[in-house]
Amino acid sequence: MTNTKKSIGFVGLGNMGGGMARNLAQAGYSVRVFDLMPEAVQALVDSPAGANITAASSAAEAASSVDVFISMLPAGRHVDGLYLGQGDSPGVLDAMAPNTLIIDSSTIDAATAQKVAAAAEQKNLLMLDAPVSGGTAGADGGTLTFIVGGADAALAQARECLEVMGSNIFHAGPSGSGQIAKVCNNMLLAVHMAGTAEALALGVKNGLDAGVLSDIMKQSSGGNWSLNVYNPYPGVMEGSPASREYAGGFLVDLMTKDLGLAIACAEQSASSIPLGSLAKQLYSMHRDANDAGRLDFSSVQMLFDPSVKS
Ligand code: NAD
């Protein structure tokens, strides 16, 4: 039987992209994948969805002759290099067939997202910035929230693929808007996580049990997402990164990167973000003092209560 579903190129198969590409393959799309780490490619080819997955030998090969091209890379410089080229190597925009739809789901600065989308437009290619919220569990489970910037027509074309990988799709506005909305969200997340960790440390230092205090604040005006579903104090919430020595989850390195993006965004728009700036200092201090870059961001609890270090 012929596969009538769109063909997809996918580059960046890390903690997030691996699960997203697998879900597309499991939904019946033919997915051509590439990553600089051959083991990330192999893990997908060997997965139960492997029948719909082909390993490409380069990003350009993953981008040529596909209907939709998706990237999920660490930062703006990687996205710039992938699409526009680096040194002598050309960018993947040069390898794409006319009418390829491009979706970049990396969390990067809005200026790079707009620059790459403008270069794509020059080649008559539609491009969306579509960063995500929902973490690795959302990527694995196909329940991500996509925060999209770009033209209505491009989003209409992208919707069927996004619906496979996510359960919420928001159109924030024109090109770059997805990145701005994402950065606002993550700045708020950093602030309420740090505030939650500080309040729990204060209670524990004064003789309260972290679980009892959490139950009280959850039902009171201090309740918030960090406290309610991602409690940063070890032993309070089963399954949270805090209860597995802060392994996995959303890395301190990535949160620090996102707070840097928030500061850049504030500078460009002459906005004042004193809490976001302080949060950047807190997470950077924590990363350096506790060698915590590869730990989940809720490990910021260690700054306020060093006794939670294992
Ligand atoms: P990751 O470091 O696990 O994965 C990135 C992958 O990209 C790696 O496998 C790397 O080898 C590959 N890569 C880098 N440059 C490449 C290139 N030029 N060509 C091919 N492959 C290349 O990162 P991640 O956790 O998957 O995050 C990806 C993006 O998603 C980041 O922008 C991050 O901020 C964002 N994000 C992450 C989470 C999370 O919980 N991890 C949540 C929301 C958003």
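Derivation of every value follows stated rules applied to the coordinates shown; laboratory data play no part. If you're wondering where the values come from, they're calculated on a predicted model, not measured in any experiment. Neighbour counts are summed over all protein chains in view; Cβ atoms, including those assigned to glycine, are modelled from backbone coordinates with ideal geometry.
Going by the alpha-carbon gyration tensor, a ≥ b ≥ c the square roots of its eigenvalues, is region 153-202 rounded (a/c under 1.5) or, if a/c is not under 1.5, prolate (a/b greater than b/c) versus oblate? It would help to have the intermediate numbers written out before the result.
Values: a/c = 6.20, a/b = 2.40, b/c = 2.58.
Oblate.
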Between A270 and L188, Cβ-based FRET efficiency (R0 30 Å, step 0.05) works out to 0.90
Residue-ordered couplings for region 286-302, obtained by feeding phi - 60° into the Karplus form 6.51 cos²θ - 1.76 cosθ + 1.60 and rounding to whole Hz (Gly and Pro as x), are 4, 4, 6, 6, 10, 6, 9, x, 9, 8, 4, 5, 5, 5, 4, 3, 4
For region 175-274 the mean separation of alpha carbon contacts under 8 Å (6+ apart) over residue count, i.e. relative contact order in percent, is 27 percent
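Any idea what the dipole of region 7-174 comes to, in debye rounded to 20, about its Cα centre with Lys/Arg Cβ at +1 and Asp/Glu Cβ at -1? It would help to have the intermediate numbers written out before the result.
Working: 6 positive and 16 negative charges, 20 e Å.
Value, rounded to 20: 100 debye.
What number, in nm² with one decimal, is the all-direction average of the projected area of the convex hull of the alpha-carbon atoms of region 7-174?
Details: hull surface 33.5 nm².
Computed as one quarter of the Cα hull surface, the answer is 8.4 nm².
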Amide H to amide H under 5 Å from I169: which residues, 5+ apart in sequence or cross-chain, H placed 1.01 Å off N in plane? F146
Any lysines whose Cα falls less than 28 Å from that of K280, other than same-chain ones fewer than 8 residues away, would be K115, K182, K205, K218, K257, K309
Taking Cα pairs closer than 8 Å and at least 6 residues apart, the relative contact order of region 7-174 in percent is 20 percent
Quick one: which residues, 5+ away or cross-chain, put their amide H under 5 Å from the amide H of L101? H built at 1.01 Å from N. V68, F69
Tell me the mean residue ellipticity at 222 nm calculated for the chain from its helices only (DSSP H runs of n ≥ 4, each -39500 (n - 2.57), averaged over every residue, nearest 500). -14500 deg cm²/dmol
Let me know the shape class of the chain, please: from the alpha-carbon gyration tensor, a ≥ b ≥ c as square roots of the eigenvalues, rounded when a/c is under 1.5, otherwise prolate if a/b is greater than b/c, or oblate. prolate
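Let's see if you can work this out: charge +1 on each Lys and Arg Cβ, -1 on each Asp and Glu Cβ, no other charges. What is the dipole magnitude of region 90-248 about its Cα centre, in debye to the nearest 20?
Numbers: 7 positive and 14 negative charges, 42 e Å.
Rounded to the nearest 20 debye, it is 200 debye.
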Stretchable slack from A118 to K309, in nm (0.36 nm times residue separation minus alpha-carbon distance): 64.1 nm
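Want the number for S89 to R159: 0.36 nm per residue separation, take away the alpha-carbon distance, what's left? Kindly include the intermediate steps, with their values, before the conclusion.
Numbers: separation 70, 0.36 × 70 = 25.20 nm, distance 3.15 nm.
Working it through step by step, the gained length comes to 22.0 nm.
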So for the pair T145, L36, with labels modelled 7 Å out along Cα→Cβ, what separation do we get in nm? 3.0 nm
